[in-house]
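The values are calculated or read from the model by the stated rules, or taken from the named source; none is laboratory data. Since this is a predicted model, take the numbers as computed values, not measurements. Glycine also receives a Cβ, built like all others from the backbone with ideal geometry; neighbour counts cover every protein chain displayed.
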Amino acid sequence: MLTLRMLRTLQAVARSGTFATAAEKTALTQAAVSQQMRGLEEALGRQIFDRRARQVALTREGREICAKVDHILALIDELPARAGDTMRGSIIIGAVVSVIGALSLAVAHLKTDHPELEVRLTSARSNELARMVQDGDVDLAVVVGSADGSLDESLAWTPLYEEPLMLVTSRAATGDDARSILRERGFLRFDRRVPTGVVIDQALAELGIEPLEYLELNSIETIVSLVRNDVGVSVLPVLQGGKWKNDPNLRLVPLPGRPFIRTVGMIHRKAHRQTALTRTIADMLRQ
């Protein structure tokens, strides 16, 4: 009998190119993937895979079937859920490291109400996550918007919230002049290879500030920990839900001039429109 799970497994096999990788993405064993694909061929009465090849290869009919399956699954994903409906199925969600904690809590609350929902979380840099969504390795991702607003034409962008940049210091650092503090104390710079680092660099350049460079790190949480211990100061986005304002060991000093912000948003493939699940996750992250 043909099942929806078979179709989703076929899609995973076609996109990943191997039964082993498809098994990881669908939370199945490799043997179960192989069994499902044989069951699918029997149900359709078609040969989908060329088993003479050393690697997974689709027959001509298999390629035609995969195109139809992609269309069918996209239509299913567009179906709106009614209030009280149970969300089910499997989904892979990516997020930048600074958001993965909030995303984990959102998913945990979601699974309490929808136990049949299978969610796998992964973290990476924004540009890496964008490629993973494009390639179908991740269904959707929460990333930092690029400074120039560029995005691959195959992807759709949903803004979630904005985080202002501020100077973060320990309580030991006195004064409220951000320029003076940055010139006098060691600067802990966030990774300039990623969108957040680019926004920080642009803010410093626009303000004409050349900080006293000390260390460059790729973890906001690590930088904040060092600031707490008065190792240096930093310019960072004030994380939503970060509770830094109530931290007895931290001070937040506004930057002079206009506000500088980083935008956090969700990306997914345009071919897969927003579903009730993606809308629910977006709403939870905005809160």
Practice problem: Scan segment 167-221 residue by residue and report those that are assigned to a loop (DSSP other than H, G, I, E, B) and under 21 Å from residue 247 (Cβ atoms). | Solution: 171, 172, 173, 174, 175, 176, 185, 219
Exercise. Look through 76, 72 and report the one residue that is out of contact with any Asp or Glu (no Cβ under 6 Å at 6 or more places or on another chain), part of a helix (DSSP H, G or I), within 19 Å of residue 271 (Cβ to Cβ) and at pLDDT 80 or above.
Key: 72
Quiz item: Give me the pairs: first residue in segment 215-233 and among the basic types (Lys, Arg), second residue surrounded by fewer than 16 Cβ atoms within 10 Å (Cβ to Cβ) and part of a loop (DSSP other than H, G, I, E, B), beta-carbon distance under 6 Å, and six or more apart or on different chains, which are they?
Solution: 228/249
Quiz item: Taking into account only those residues within segment 97-138 that are among the polar types (S, T, N, Q) and farther than 17 Å from residue 151 by Cβ, which is surrounded by the most Cβ atoms within 10 Å (Cβ to Cβ)?
Solution: 98
Quiz item: Taking into account only those residues within segment 254-286 that are surrounded by fewer than 18 Cβ atoms within 10 Å (Cβ to Cβ) and within 24 Å of residue 235 (Cα to Cα), which is nearest to the chain's Cα centre (by Cα)?
Solution: 286
Quiz item: Which ones in segment 178-222 are touching a Pro at 6+ places or on another chain (Cβ under 8 Å) and more than 22 Å from residue 126 (Cβ to Cβ)?
Solution: 178, 179, 182, 183, 187, 207
Quiz item: Within segment 129-137, can one find any residue that is assigned to a loop (DSSP other than H, G, I, E, B), at pLDDT below 85 and on the phi > 0 side of the Ramachandran plot?
Solution: yes
Practice problem: Check off (1) outside the structural domain of residue 231 (by TED's automatic domain parsing); (2) free of Cβ contacts under 8 Å to residues at least 60 places away in the same chain for residue 154 and give me the number that stays unchecked. | Solution: (2)
Exercise. Name the single residue, out of those in segment 1-59 being among the basic types (Lys, Arg) and under 23 Å from the mean Cα position of the chain (by Cα), that is farthest from residue 136 (Cα to Cα).
Key: 8
Quiz prompt | Residue that is surrounded by the most Cβ atoms within 10 Å (Cβ to Cβ), among those in segment 2-12 that are without any contact (Cβ under 8 Å) to a residue 60 or more places away in the chain and within 22 Å of residue 121 (Cβ to Cβ) | solution = 9
